[in-house]
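Novice: To start, I am sharing the structure in question, which I have written as structure tokens.
The values are calculated or read from the model by the stated rules, or taken from the named source; none is laboratory data. The shown structure was predicted, so the numbers you read here are calculated from the model rather than taken from an experiment. Here the Cβ positions follow ideal geometry from the backbone for every residue, glycine too, while neighbour counts run over all protein chains shown. To get the accessible areas, we keep the full protein, side chains included, count just its heavy atoms, and leave off ligands, DNA and RNA. Shrake-Rupley method; radii C 1.70, N 1.55, O 1.52, S 1.80 Å.
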There are 2 protein chains.
Amino acid sequence: MKRYLMLVAILLLSGVAAATELPTTPNGISLIKGYGSWKIISPSHRPDKDQLRVILGNDLAMAAMAGGIRPFPDGTVMAKVAWTTRKHPNFPAAMEPDRFVQVEFMIKDAKKYGATGGWGFARFVGPELKPYGKEPGFVQECFGCHTPVKENDYVFTHRPAFPQ
Amino acid sequence: MKRYLMLVAILLLSGVAAATELPTTPNGISLIKGYGSWKIISPSHRPDKDQLRVILGNDLAMAAMAGGIRPFPDGTVMAKVAWTTRKHPNFPAAMEPDRFVQVEFMIKDAKKYGATGGWGFARFVGPELKPYGKEPGFVQECFGCHTPVKENDYVFTHRPAFPQ
């Protein structure tokens, strides 16, 4: 029993340690590890910022995209990853990602994030993943930018065709 | 026993039917269904063709990318999907995919495709997924283009940083 309690204590403590190590935004959203292994919703390009981006989704996001389900169900998470671009060193006609700029998350929880369309917003900047925003109200900036696509549950990204 | 044989016959026939329905290139490579659910290696942009692309990988491809393993192991498959671009209707500073252009595959089998660096090449064009190439020798065109990256096992794509 003692041994069991010790094991529980170690697991709890390591869990706490892992959680406190993750960068966290002022609205309480921590970086979600493993986002680079999520599936692709779409790429995008921002010529004004010289950035290539991919928008990735967890399984709920992919299912909602495939089925055209709106609003997105609670638990949906999307990640938008941005890099600066460079000419491919061996094929200069192609532009490829260069330096990592940021990763942004949208997390759906209709109740918890009701004030911002049901979405929790987070951004982590640069290779050091510095949390964006000085206080929790920074999300109004994110939400404001997303209001033009209210009819698509505040999501800009469309999934293009992957015919098969 | 009769029932069992019947079942085997049905399974075989349905397998054959599924195989013959898939578009197939002159070098015998059929479209691999489900490529749109593979993981992302990288996006890319071809300003000269006005195309946004994503390069996706099966699990072996992802492991080799993560571990820097070259040559890629037999069974590695990568898919490059290309779309024309358009301005996002609600956010014109962002370019997003518009029409599907093509999907291309590179399949690693060092022995089977030994004449082309161990890679089998295939391209399927347009929403109808028309197989590219008039005869099996069309792969020399693909292989020729990939020779500048021989030192990377004929693969152009680099996986950018996904820090976490």
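Novice: Checking A:Gly137 against (1) more than 19 Å from B:His88 (Cβ to Cβ); (2) modelled with pLDDT of 95 or more, only one condition comes out false. Which one?
Specialist: With (1) more than 19 Å from B:His88 (Cβ to Cβ); (2) modelled with pLDDT of 95 or more applied to A:Gly137, the lone miss is (2).
Novice: Which residue is nearest to B:Met95 (Cα to Cα), if the candidates are limited to the range A:46-67 and must be facing chain B (nearest Cβ under 7 Å) and surrounded by fewer than 22 Cβ atoms within 10 Å (Cβ to Cβ)?
Specialist: Filtering first and then ranking leaves A:Arg46.
Novice: Sticking with this one: How many residues are under 24 Å from A:Phe138 (Cβ atoms) and among the hydroxyl-bearing types (Ser, Thr, Tyr) if we restrict to the range A:28-86?
Specialist: 5
Novice: Evaluate the following for B:Ala93: is it modelled with pLDDT of 95 or more, over 18 Å from the mean Cα position of the chain (by Cα) and either exposed (fewer than 14 other Cβ atoms within 10 Å of the Cβ) or not hydroxyl-bearing (Ser, Thr, Tyr) (or both)?
Specialist: Answer is yes for this residue.
Novice: Looking at the range B:12-22, is at least one residue surrounded by 15 or more Cβ atoms within 10 Å (Cβ to Cβ) and modelled with pLDDT of 60 or more?
Specialist: Yes: the range B:12-22 contains one or more residues that are surrounded by 15 or more Cβ atoms within 10 Å (Cβ to Cβ) and modelled with pLDDT of 60 or more.
Novice: Taking the options A:Ile55, A:Ile40, name whichever one is over 15 Å from A:Glu104 (Cβ atoms), under 15 Å from the mean Cα position of the chain (by Cα) and of a type in the set (Val, Ile, Thr).
Specialist: Criteria check complete, one pass: A:Ile40.
Novice: Something else: Any residue at all in the range A:71-80 that's over 23 Å from B:Met95 (Cα atoms), touching a strand residue (DSSP E or B) at 6+ places or on another chain (Cβ under 8 Å) and among the acidic types (Asp, Glu)?
Specialist: So far as the range A:71-80 goes, yes, one or more of its residues are over 23 Å from B:Met95 (Cα atoms), touching a strand residue (DSSP E or B) at 6+ places or on another chain (Cβ under 8 Å) and among the acidic types (Asp, Glu).
Novice: Moving on. Can you tell me how many residues in the range B:151-164 are more than 10 Å from chain A (Cβ to nearest Cβ) and either among the hydrophobic types (A, V, I, L, M, F, W, C) or open to solvent by 40 Å² or more (accessible area, probe 1.4 Å) (or both)?
Specialist: The qualifying residues number 1.
Novice: Can you spot a residue in the range A:124-134 that is within 17 Å of A:Leu60 (Cβ to Cβ), open to solvent by 20 Å² or more (accessible area, probe 1.4 Å) and modelled with pLDDT of 95 or more?
Specialist: Scanning the range A:124-134, I find no residue that is within 17 Å of A:Leu60 (Cβ to Cβ), open to solvent by 20 Å² or more (accessible area, probe 1.4 Å) and modelled with pLDDT of 95 or more, so the answer is no.
Novice: Which of the residues that make up the range B:78-115 are within 29 Å of B:Asp50 (Cβ to Cβ) and either away from every other protein chain (no Cβ under 14 Å) or of a type in the set (Phe, Trp, Tyr) (or both)?
Specialist: B:Trp83, B:Phe91, B:Phe100, B:Phe105, B:Met106, B:Ile107
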